[in-house]
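Here the structure comes first, spelled out in structure tokens, and everything after it is commentary.
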Amino acid sequence: MMSFEVRPLSPVIGAEVVGLDLGGPVDDATFAALRAAWFEAGGLLVFKEQSLAPQAQVEFSRRFGDLEVHVAKRYLLPGHPEIYRVSTKKDAQGKAVGNPESGRYWHSDLSYLEPPAMASLLYALEVPPMGGDTLFANMAAAYDALSPPIRTMLSSMTAVHDYAHVLRLFSHGVRAHVGPGTLPSVRHPVVRPHQETGRATLYVNPGFTTHIEGLARHESDAVLNMLFEHAVRPEFVYRHRWSVGDAVLWDNRSTMHHAVHDFYGTGGVRHMHRTTIMGTAQ
Ligand code: SIN
């Protein structure tokens, strides 16, 4: 077993793993310890000073499960369809090489699929001189902080998730990815037990959750807005300031994230490779 150090980044979410090269061999015992540290850190691990070639990123990510090929095909890395490019870079013809708008709203990756994504690994190749941070919220901690009557109310609720929801909410380019209606909507319990820790977790997000089944529209909006506001209270959130070489692994079953698109005035480029690990049926 290889040794590594785990340094918490906040009391409720996030830890930095020091002393592991994700591009090198990681034996099974080390990998198991890493997974345990990941859950202990609320589903968020940061690895700094990595040097991850696309194939190495794909291979490390595959240790967690099968990889998703994103629906937005134009942003996949040629030769490595498992890598989805999140990028403000343009090619020689002036075309975006990756999704320049990615994640600029709170969401959990692929919650619009059944089963939704387990995890994502985002690796920074270029970062702006400042800005372009990503915020992560611990949805299990948010759930725990709800009062018991609200937890009871939520326990029998099911929410609908739809990729097209984000297309309706935002008009800054997301629409170009896939046409609305390409994917059917899916249903998930509002409170899902985490598959590995068993911890009750809020599973709704502003990006893809359209409504709660069986409620009137105004009731559904009120409940969802209350949950969205609650879940991103500062005490549940870690803000990651990127450096080139950072690889961040998050658990989509227990976290939401939000990319901050505040860096355009800096003239800097933000260019990242994401692998997404598919979930398994609950
Ligand atoms: C994403 O939503 O997966 C991208 C997050 C980011 O660009 O920070």
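The values are calculated or read from the model by the stated rules, or taken from the named source; none is laboratory data. In this text the structure is predicted, and so the values were computed from the model without any measurement. Every residue, glycine among them, receives a Cβ derived from its backbone with ideal geometry; neighbour counts consider all protein chains shown. What goes into the accessible areas is simple: the full protein's heavy atoms, side chains included, and nothing from ligands, DNA or RNA. Shrake-Rupley method; radii C 1.70, N 1.55, O 1.52, S 1.80 Å.
Brief remarks on what is shown
- For region 7-42 versus region 59-127, the gap between their alpha-carbon centres in whole angstrom: 22 Å
- In region 4-103, trypsin sites (Lys or Arg not before Pro) in a DSSP loop with at most 11 other beta-carbon atoms within 10 Å: K95
- Each label point was placed 7 Å from the Cα along the Cα-to-Cβ direction; for A92 and R241 their separation is 3.8 nm.
- Computed from label points 7 Å out along Cα-Cβ, the spacing between D262 and T158 is 4.0 nm.
- Peptides 231-241, 23-33, ordered by how many other C-beta atoms sit within 10 Å of their residues on average, highest first, read 231-241, 23-33.
- Here the label points at S51 and L169, each 7 Å from Cα along the C-beta direction, are separated by 4.0 nm in the simple model.
- Our estimate of slack between H218 and H230, defined as 0.36 nm per intervening residue step minus the Cα-Cα distance, is 2.5 nm.
- Computed over protein heavy atoms with a 1.4 angstrom probe, the accessible surface ordering of W242, W38, largest first, is W242, W38.
- Anisotropy class of region 211-254 from Cα gyration tensor, a/c 1.5 cut: prolate
- Where GluC sites (Glu not before Pro) fall in DSSP loop in region 48-143, at most 11 other Cβ within 10 Å: E49
- Annotation: average projected area of the chain is 14.7 square nanometres, based on the convex hull of Cα atoms across all directions.
- Taking H230, H258, H80 in turn, the Gaussian network model of the chain (Cα-Cα springs below 10 Å) assigns the largest fluctuation to H80.
- Here the sum of -39500 (n - 2.57) over DSSP H runs of 4 or more residues, divided by the residues of the chain, equals -6000 deg cm²/dmol at 222 nm, to the nearest 500.
- Sequence-distant contacts, meaning Cα pairs under 8 Å at least 6 residues apart, place the relative contact order of region 5-278 at 34 percent.
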